[in-house]
Amino acid sequence: MAVVLKTDKITKSFGGLLALDEMTLDFREQEIVALIGPNGAGKTTFFNNITGMYTPTSGTVEIFPPNQKSVKIQGMKPNLITELGLARTFQNIRLFGNMTVIENVMVGRHCRTKSHIFGAVFQTSSFKREEKESVEKSFALLEMINMSHLAGNLAKNLSYADQRRLEIARALATDPFLLLLDEPAAGMNPQETEDLDQLIVHLRDELKITILLIEHDMKLVMKISDRIFVMNQGRLIAQGTPVEIQNNPEVIKAYLGE
Amino acid sequence: MVENIKKSSIIAVWFIFLSFPLVVLRVDYIDKTIDYRWHNILWIGIGAFFISWVWRYFLKRKNESDKSSEGKNQGTSASTSRFQVQKIFEHKFALLGILIAAAIVPQFMSTYQTSIFITAMMYVVLGLGLNIVVGMAGLLDLGYVAFYAVGAYTYGLLNLHFGLGFWISIPIAGVLAASFGVLLGIPVLRLRGDYLAIVTLGFGEIVRLVLENWDVVTRGPSGIPGIPKPAFFGVKLGFAGNMTYLFYIILALVVIAMVATRRLQSSRIGRSWVALREDEIACQAMGIDTTKAKLAAFGLGAFWAGIIGVFFAAKSSFVSPMSFTFFESAIILSIVVLGGMGSVLGVILAAGILILLPEYLRFMADYRLLIFGALMVVMMVFKPGGLITNIRQQYTLPKRNSKEELAELHSSET
Amino acid sequence: MQALNESGSFFLELFFSGLTRGSIYALIALGYTMVYGIIGLINFAHGEIYMIGAFVGLTVAGILSILQFNLIAILVLAALFAMVYAAAYGYTIEKVAYKPLRGSTRLAPLISAIGMSMFLREYVILAQTPDFVSFPALTEGLFDLGAFSSMIQPTELVILIFSFLMMAGLFILIKKTKIGKAMRAISQDREMAMLLGVNSDRMISLTFMIGSALAAFGAILISAHVGQINYNIGFVVGIKAFTAAVLGGIGSIPGAALGGIILGLTESFATGYVSSDYEDVFAFGILVLILIFKPAGILGKSTTEKV
């Protein structure tokens, strides 16, 4: 299978503190990949470095969008990276609380639409068409996560699990080929987590995208991942299929300590 | 009850202590006299006693409602959204009512009254303009008055040097102010919220100081007199006629600004502004170029200020730097804050309350700014969303019964 | 030779007047920086507290001079009362306008602060006067400078000495005492400090009070030097002191002192050698440039927002 994203020795240091140490890995088309590791291992830092929130101190990140030339994206602005087809959710939910559920998703359509002030003020026909399309696509995404009945509610009034799922829909609205989920199951009860794992697999199959997730819920990770990367102290210590990882002594050591 | 009386009494004593050297005593150091105003102790005491009581009551209620809304995260679904839709209709009726009343008003009012209403409507437009920047995009701009000044001086100077008229100056000033907004915006917009506030305040003051000191161009503190009012298709109107004419011009501007703002609110760019306000990092992660969005908000806000600047110059037929102090910015800001961040109807209501009320309740006039200041604090503490909570546009899924329509949609895309 | 001498003494005159201004900016900047350091808020009403300090000082000085106290006693008592009152105002403002807003959006406390600032200005206009009133030259007779008086006025020397003493006192308070440690702990990590038993509300109140008292102290010194005050004196001085705080690195206490001195000197030389028309433009210009190019200031540390 074709590679969609490849990092080459990306390193990130914060004033001498090495948060990422020469991480080299790749993700392939239509894979579900999990990034795991103890707290403070640098998983979210890794996310932030490939989504443009941080600029790596050294190393490269290269993406291979379908039917397009590859692009080196390290140090690019986050919005440009999203435009290229990487979308993410946040560990500490960052929804637009005072906007409605549907509007949150519609914001995700921003980079795939182009009407501006003029079109909105004069309600041009292209503006209207684009709006209608946005509404339809956003509703379709909400239906996919079973939330279309909540479309008119303010995002801040949603339950925790719904907020997490809405973040996923919002990220999907940007038409990504690679979706990065930062602890999507955090704070969910077992039932909600189970729904979530079905959703993730469904998204991969339906939308034909690659999904990378950071997750602490090992049951979920082992169940749905094709491959797993394990980080500890900023370094990649193991990679492989769930079975391989479960039996890897390095990993067990990292989790249980010496 | 006893507890409350005790608490409020202590607070009353505390405020009497605080205000004593300023409110009771007034010393003239040269004449060596002291002016005692003992009666003020009574007012401060009673005022502090009751206000602190009410304050505590509302603070408690607010905390309770915060807690209860945390508890019932879920149970808000269809019922609320129907309620909201209904409210939007109410807004439309309210707007219609305001419009009709406003259109009839000058026929029955004295010129003086008309002039007051014109002022209030100018603040409505200014408020709507700043509302884009502060209310929607969440960029605290404390130098908004600078763009207003740019507009006013554009007309004043163009008229003085080149004899340009009102109507031609309107678009020029609007565009000039907007470009000014964008130019100022480029360097400052990557600053964090509170720094942005201070820098814009600094810019506002710099503009005023330049107007004051660059005598050669701006005529300095003495200002530009004799700025003409717009002529009605070449016909010179009398004083009263002029006022009526200005009234309808500003009414039209209000309507245009209102409609434009409403339309922008539920558009791609309007949503990106609100997203920016809600969470800048998430906004950027959703593929929005935050710099562009901020510049657009800044520019559009400045555009309205520039236009109203021209109108102001025409109405008062005189501009000087004195009209563009920081406190002008603060007044416009309090309109936005009181009305409700991002709410169009709220801005209209707030401009009405803050500008008209002091004109009619004369006893309030002296305390106007005192009340403005206090209102800003009270609003932030108790109702940071403003008088009228901004209601978000509701979307319904377009019915897919007509297949042709969908087909048409696809064909027009290619 | 004569000309050289003249230009030399003009330089020194500007230098000392800049240093004087600068130390006042520094005193006020400390209030901004301490409050910012502890709760991350730009206390817009800080300039108004400075102004209220000046008015309270004037009232006290007026009463005492009618009672025919001697000048030193008047000075000491006026400064003391001004500081106590400013601290009380600072305390009250925090409780009324900022404390209920903790945990709300970033804009809310800022708007509340602007409202408070408007309120206090109007309050003084209504309670006292909208006009300039003269302020007694309380510090004039403290020193006799003889031959040096062409370079530095006695009132300026008083400002330099006392503001230096005040700042030294504050440094000791922050670095050496338990209170200072608690304050620093809260500015590092409020939740952790609270877990360790630091009463954060009390420390925040205390920070407001100390900052306010310092501002009032500065207000008395500068008002005695300038000779008149009105309700508006806090606005421009407030922005300039804020500039000083940002210049030095907001949140940093030595930074505030350094920023104040640099700003004072720059202003003084710019008005002396370039043009006095644009005096305030220089300060605002510096503020804008610093914020754009080096928002962390000279001694501040830059922070990245956590995602």
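All of the numbers you see were taken from the coordinates with simple rules; none came from a lab. Everything numeric here is computed off the predicted structure, so don't read it as measured data. When we count neighbours, we look across all protein chains shown, and the Cβ atoms used for this are built from the backbone with ideal geometry, even at glycine.
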_If I model a spin label as a point 7 Å beyond the Cα along the Cα-Cβ vector, how far apart are those points for C:Y273 and B:I34 in nm?_
5.0
_Can you find, among B:H161, B:G129, B:L354, the residue sitting farthest towards the positive end of the charge dipole of chain B, where Lys and Arg contribute +1 and Asp and Glu -1 at Cβ?_
B:L354
*In what sequence, highest mean first, do C:77-84, C:64-71 appear when ranked by Cβ atoms within 10 angstrom?*
C:77-84, C:64-71
*Long-range amide H contacts for A:L5: which residues qualify at under 5 Å (H placed 1.01 Å from N, peptide plane, sequence gap of 5 or more or a different chain)?*
A:F27, A:F64
_From the P(r) of the stretch B:2-68, could you give the percentage of C-alpha pairs in the tail past 21 Å?_
42
*Given the stretch B:2-68, what count of lysine pairs have C-alpha atoms under 23 Å apart, with each pair 8 or more places apart or on different chains?*
4
_Modelling each spin label as a point 7 Å along the Cα-to-Cβ direction, I'd like the C:F293/B:L183 distance in nm, to one decimal._
2.0
*Hey, can you rank C:25-37, A:237-249 by average C-beta count inside 10 Å, highest first?*
C:25-37, A:237-249
*asked:* Projecting each Cα onto the charge dipole of the protein assembly as shown (Lys/Arg +1, Asp/Glu -1 at the beta carbon, about the Cα centre), which of C:I220, B:M243, C:Q188 comes out farthest on the positive side?
replied: B:M243
*Give the long-range amide H neighbours of A:L35: residues separated by 5 or more places, or on another chain, with amide H under 5 Å away, using H modelled in the peptide plane at 1.01 Å from N.*
A:L213, A:I214, A:E215, A:F229
*Partner chain coverage, peptide A:73-79 - average Cβ within 10 angstrom*: 4
*With θ set to phi - 60° and the Karplus curve 6.51 cos²θ - 1.76 cosθ + 1.60, what are the ³J(HN,Hα) couplings of the stretch C:59-74 in order, to the nearest whole Hz, using x for Gly and Pro?*
4, 5, 4, x, 4, 5, 6, 5, 7, 6, 6, 7, 4, 5, 4, 4
*Starting from the exponent 0.38 and prefactor 2.2 Å, build the expected Rg for the stretch A:1-127 from its residue count and divide its actual Cα Rg by it.*
1.27
*Within the stretch A:174-203, what residues put their amide N at less than 19 Å from the label point 7 Å along the Cα-to-Cβ vector of A:N146?*
A:184-203
_Peptide ranges B:163-171, B:358-366 listed from the most packed, as the mean C-beta count within 10 angstrom indicates_ = B:163-171, B:358-366
_Footprinting exposure proxy for B:V150, B:V13, C:V246, A:V121 (fewest neighbouring C-beta atoms within 10 Å first)_ = B:V13, A:V121, B:V150, C:V246
*Treating the Cα atoms of the stretch C:33-74 as identical point scatterers in vacuum, please give the log10 of the normalised Debye intensity I(q)/I(0) at q = 0.21, 0.33 Å⁻¹, two decimals.*
-0.68, -1.01
*State, to one decimal in nm, how far the label point of C:L126 lies from the label point of A:K253, with both points 7 Å from Cα in the Cβ direction.*
7.4
*Calculate the dipole size of the protein assembly as shown relative to its Cα centre from +1 charges on Lys and Arg beta carbons and -1 charges on Asp and Glu beta carbons; express the result in debye to the nearest 20.*
1360
*Once you sort the root eigenvalues of the Cα gyration tensor of the stretch C:123-245 as a ≥ b ≥ c, which label holds: rounded (a/c under 1.5), prolate (a/b larger than b/c) or oblate (the other case)?*
oblate
*If you take the square roots of the eigenvalues of the alpha-carbon gyration tensor of the stretch A:133-258 and sort them as a ≥ b ≥ c, do you get rounded (a/c under 1.5), prolate (a/b over b/c) or oblate?*
prolate
*Translational diffusion coefficient, Stokes-Einstein: compute it for chain A using the Kirkwood radius over C-alpha pairs as Rh, at 4 °C and 1.567 mPa s, and state it as an integer in µm² s⁻¹.*
68
*Would you mind checking which residues have amide H under 5 Å from B:G143's amide H? H placed 1.01 Å from N; only 5 or more apart, or other chain.*
B:L201
*So what's the gap between the Cα centers of the stretch B:18-33 and the stretch A:153-187, to the nearest angstrom?*
62
*Relative exposure of C:M194, A:M144, judged by other C-beta atoms within 10 Å (fewest first)*: C:M194, A:M144
*asked:* Please report the antiparallel percentage of DSSP beta bridges with both residues in the protein assembly as shown, rounded to the nearest 5.
replied: 65
*Cα-based Rg and Dmax for the protein assembly as shown, where Dmax is the largest Cα-Cα distance (Å)*: 30.9, 98
*Scattering from the C-alpha atoms of chain C alone, worked out with Debye: what is log10 I(q)/I(0) at q = 0.08, 0.10, 0.16 1/Å?*
-0.35, -0.55, -1.36
*Could you calculate, for the stretch B:82-382, the ratio of the Cα radius of gyration to the Kirkwood radius, expressed as Rg to Rh?*
0.96
_HN-Hα J in Hz across the stretch B:379-392 - Karplus 6.51, -1.76, 1.60, θ = phi - 60°, x for Gly and Pro_ = 4, 5, 6, 9, 9, x, x, x, 4, 10, 5, 5, 9, 6
*Just the Kirkwood number for the stretch C:64-167, please: inverse of mean 1/r across all distinct Cα pairs, in Å, one decimal.*
17.3
*Assign unit charges at the C-beta atoms only (+1 for Lys and Arg, -1 for Asp and Glu), then state the dipole size of the stretch A:96-157 relative to its Cα centre in Debye, rounded to the nearest 20.*
140
*How crowded by other chains is A:100-109, given as the mean number of beta carbons from other chains within 10 Å of each beta carbon?*
6
*When only Cα pairs under 8 Å and 6 or more residues apart are kept, what is the percent relative contact order across the stretch B:2-68?*
37
*Rounded to the nearest 0.05, what FRET efficiency is calculated for A:E244 and A:E133 with R0 set to 41 Å and r the Cβ-Cβ distance?*
0.40
_Residue of B:S317, B:S179, B:S52 that the Gaussian network model of chain B assigns the largest fluctuation, springs spanning Cα pairs under 10 Å_ = B:S52
*When the convex hull of the Cα atoms of the stretch B:108-180 is projected onto a plane and the area is averaged over all directions, what value comes out in nm²?*
6.4
*asked:* Please give the charge dipole size of the stretch C:23-238, origin at the Cα centre, charges +1 on K and R Cβ atoms and -1 on D and E Cβ atoms. Round to the nearest 20 debye.
replied: 880
*asked:* Residue by residue through the stretch A:102-116, what is 3J(HN,Hα) from phi via Karplus (6.51 cos²θ - 1.76 cosθ + 1.60, θ = phi - 60°)? Round to whole Hz and write x for glycine and proline.
replied: 5, 5, 4, 5, 5, 4, x, 6, 3, 6, 9, 10, 9, 4, 10
*asked:* Please compute the average number of Cβ atoms from other chains found within 10 Å of each residue's Cβ in peptide A:152-159.
replied: 6
